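Worksheet for the structure shown next.
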Amino acid sequence: LSRIAEEPTAVVSPDIATIDLNTFEFSKPIQNGKQHSRGNFDWSLTFGWEVVPSRERQRRKDETFPIKSPTFAGGLFAISRSYFEHIGSYDDQMEIWGGENVEMSFRVWQCGGQVEIIPCSVVGHVFRSKSPHTFPKGTQVISRNQVRLAEVW
């Protein structure tokens, strides 16, 4: 939260470590920043991960500096309430889950903000083999959200 106090338009996300689904073993991010990841997206506007490029590693003065990221993972971010309200909060036309994090990332960047990974903040996450979410209208809701994202931006 100190980064948000320092830069109110920063939307920050932790470094996300994997917790094994079966053993609950915690896999910490590799130290010294050589293998940090950041969010990205493909042409279908699907969120993904990429290793932080060398130009971004060189831009950072040391390992504690924030990592600029094109996008953030949904559900694992912090934002100033006033900035969140200023940029219009969540798109109320998005349904259930899927694409809202990419849409919010676009909104942040286009409204003068920045998306950053804070490498000193680490949160563990259990990545399941199948989604725990139910989709009453089917999983096409994710595609529908991605189409909405393309149309809005």
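Listing for the model above:
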| read-out | value |
| --- | --- |
| All positions within segment 72-119 that are acidic (Asp, Glu), within 21 Å of Pro8 (Cβ to Cβ) and more than 13 Å from the chain's Cα centre (by Cα) | Glu85 |
| Qualifying residue in segment 4-17 (condition: exposed (fewer than 13 other Cβ atoms within 10 Å of the Cβ), closer than 23 Å to Val108 by Cβ and aliphatic (A, V, I, L, M)) | yes |
| Count of residues meeting criterion [surrounded by fewer than 22 Cβ atoms within 10 Å (Cβ to Cβ) and at pLDDT 95 or above] in segment 95-105 | 0 |
| Some residue of segment 74-90 being at positive phi, in a loop (DSSP other than H, G, I, E, B), crowded, with 18+ Cβ neighbours inside 10 Å and out of contact with any Gly (no Cβ under 6 Å at 6 or more places or on another chain) | no |
| Qualifying residue in segment 113-130 (condition: free of Cβ contacts under 8 Å to residues at least 40 places away in the same chain and loosely packed, with under 14 Cβ neighbours inside 10 Å) | yes |
| Residue that is modelled with the lowest pLDDT [pool: residues in segment 16-30 that are over 17 Å from Glu116 (Cβ atoms) and not in a strand (DSSP E or B)] | Ile30 |
| Residue, modelled with the lowest pLDDT, within segment 31-51, restricted to residues that are of a type in the set (D, E, K, R) and either over 30 Å from Ser143 (Cβ atoms) or part of a strand (DSSP E or B) (or both) | Lys34 |
| Residue within segment 124-140 that is part of a helix (DSSP H, G or I) and either modelled with pLDDT of 90 or more or over 19 Å from the mean Cα position of the chain (by Cα) (or both) present | yes |
| Residues satisfying the stated conditions in segment 52-68, i.e. under 17 Å from Pro14 (Cα atoms) and in a loop (DSSP other than H, G, I, E, B) | Val52, Arg60, Asp62, Glu63, Thr64, Phe65, Pro66 |
| Any chance Met104 is among the aliphatic types (A, V, I, L, M), in a loop (DSSP other than H, G, I, E, B) and either out of contact with any helix residue (DSSP H, G or I) (no Cβ under 8 Å at 6 or more places or on another chain) or closer than 17 Å to Val152 by Cβ (or both) | no |
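Per-residue answers, yes or no, for (1) in contact with a strand residue (DSSP E or B) (Cβ under 7 Å, 6 or more places away or on another chain); (2) closer than 27 Å to Ser129 by Cβ; (3) β-branched (Val, Ile, Thr):
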{"position": "Ala17", "(1), (2), (3)": "yes, yes, no"}
{"position": "Leu76", "(1), (2), (3)": "yes, yes, no"}
{"position": "Gly88", "(1), (2), (3)": "no, no, no"}
{"position": "Glu95", "(1), (2), (3)": "no, yes, no"}
{"position": "Gln110", "(1), (2), (3)": "no, no, no"}
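The values are calculated or read from the model by the stated rules, or taken from the named source; none is laboratory data. Since we're looking at a predicted model, the values are computed, not measured. Because the Cβ atoms are built from the backbone with ideal geometry, glycine has one as well, and the counts that use them run over all protein chains shown.
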